[in-house]
Amino acid sequence: MLEVFFSAMEDLDGRRGRARQPRNAAPLEMHFGHLLATDPDSCYVADDRGRSVAFGIVMRREQEAFLSFLFVAPPWQSRKLGRALLHSCLQGAGEVERVGTCAEADQPVSTGLYASVGMAPRAPLYLLRGILSDAALPALPAGVQRRPISLELVAELDRVLLGYQRPQDHTFWARERDGVLFLDAAGAVLGYGYAHRSGRIGPVAALEPSYLASFIGYLVGITPVLEGRQLVVPGHAISVLRPLLRAGLRIDTAPAIYCSDGPGPRFERYIPMSYALL
């Protein structure tokens with residue numbers, strides 16, 4: 001799966017005239033391992049005489065299915081392998097109420113494939129990178145308390161913003177990221193967020209859009225890094241997209257497009273972890 005992923009991405013970068021990215025296999029392998037453990041029935045590999053040439057992974061959370069990965073090695077592209085894998089993965093996920101994915105904006109073939117099975121383009125998601133200081137973002141509002149993540153307390157907020165609960169993902173993030181639960185003075189949940197020592201921020205969820213920037217600022221402050229920050233910010237999250245760009249982050253590469261056969265997450269109040277695991 002790793003070789004298929006990297007060869008497909010390097011081929012795309014070459015065709016788009018972009019610099020080749022280093023093969024950072026460790027976080028991707030950890031990500032694959034998490035999804036293979038939680039959704040083994042909706043993960044498929046295409047095999048050609050003993051060689052893996054394509055793979056797809058659909059994660060299911062309650063009544064939502066999300067296509068996390070669908071990659072075909074360059075020599076086997078344009079043979080309808082992607083469509084066949086997508087069909088198998090969705091069948092493995094079972095009957096659901098909503099199906100979604102993220103497609104890179106500069107891959108119209110993939111976007112067209114997803115739209116042809118009902119996942120229409122709905123919202124842009126921008127990859128932001130750069131140097132960011134917590135001083136460039138607003139401080140937490142007065143009275144906001146910070147606590148470790150509680151699966152029980154984040155469940156209802158996830159249901160409101162995403163439409164489903166996801167305790168298995170919070171358990172995964174807690175193993176490698178600093179997680180913070182934000183509460184008001186009375187102990188009611190205002191949101192949560194995660195930060196990684198690599199500089200990645202996300203996911204971040206907020207009861208109100210106006211909280212997002214201060215939550216991100218707090219997460220930046222508690223996780224010093226040597227290099228820059230990285231966030232996936234939906235275009236709908238204008239309350240934090242503007243402050244982050246003004247603070248020095250830049251939009252890196254073409255955006256991804258969230259595609260779905262129904263209304264998706266409340267992106268004005270939610271910053272995903274990545275394109276592959278919202």
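Listed values, structure above:
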| read-out | value |
| --- | --- |
| Cα centroid separation, the stretch 228-277 to the stretch 141-209 (Å) | 17 |
| Under 5 Å, built H, 5+ apart or other chain: amide partners of R200 | Q230 |
| Rounded to 10°, Cα long-axis angle of helix 2-16 versus longest principal axis of the chain | 90 |
| Rounded, prolate or oblate (a/c below 1.5 giving rounded, otherwise prolate when a/b exceeds b/c) for the stretch 99-257 by Cα gyration tensor | oblate |
| Hz values of 3J(HN,Hα) by residue in the stretch 77-91 - Karplus curve (6.51, -1.76, 1.60), Gly and Pro given as x | 6, 6, 10, 6, 5, x, 5, 5, 5, 4, 4, 5, 5, 5, 4 |
| Nonlocal amide H pairs with E104, under 5 Å, H built at 1.01 Å | I257 |
| Peptides 71-84, 196-209 ordered by average Cβ neighbours within 10 Å, highest first | 196-209, 71-84 |
| Degrees separating the helix 167-176 axis from the principal Cα axis of the chain, which is the longest one | 80 |
| Solvent-free Debye scattering, log10 I(q)/I(0), computed from the Cα coordinates of the chain at q = 0.10, 0.14 Å⁻¹ | -0.52, -1.03 |
| Amide hydrogen neighbours beyond the local backbone of V225, cut-off 5 Å, H modeled | none |
| From phi via Karplus (6.51, -1.76, 1.60), per-residue ³J(HN,Hα) for the stretch 141-158 in Hz, x at Gly/Pro | x, 4, x, 6, 9, 10, 9, x, 4, 10, 4, 5, 7, 7, 4, 5, 5, 4 |
| Packing-based ranking, highest mean first, of 26-35, 52-61, 257-266 given that Cβ atoms within 10 Å are counted | 52-61, 257-266, 26-35 |
| Spin-label model distance (nm) - Q77 vs R246, 7 Å beyond Cα toward Cβ | 4.0 |
| Highest-first arrangement of 162-169, 224-231, where packing means the average Cβ count within 10 Å | 162-169, 224-231 |
| Förster radius 41 Å - calculated FRET efficiency between D184 and I131 (Cβ-Cβ, nearest 0.05) | 0.85 |
| With eigenvalues of the C-alpha gyration tensor scaled by 5 and rooted, the stretch 1-132, Å | 22, 19, 17 |
| Size of electric dipole in the chain: Cβ of Lys, Arg +1 and of Asp, Glu -1, about Cα centre, debye, nearest 20 | 640 |
| Helix-only [θ]222 nm of the chain, DSSP H runs n ≥ 4, -39500 (n - 2.57) each, per residue, nearest 500 | -10500 deg cm²/dmol |
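Bear in mind that the values in this text are calculations on the coordinates, not laboratory data. Worth saying up front: this structure is predicted, and the values here are computed from it rather than measured. Glycine also receives a Cβ, built like all others from the backbone with ideal geometry; neighbour counts cover every protein chain displayed.
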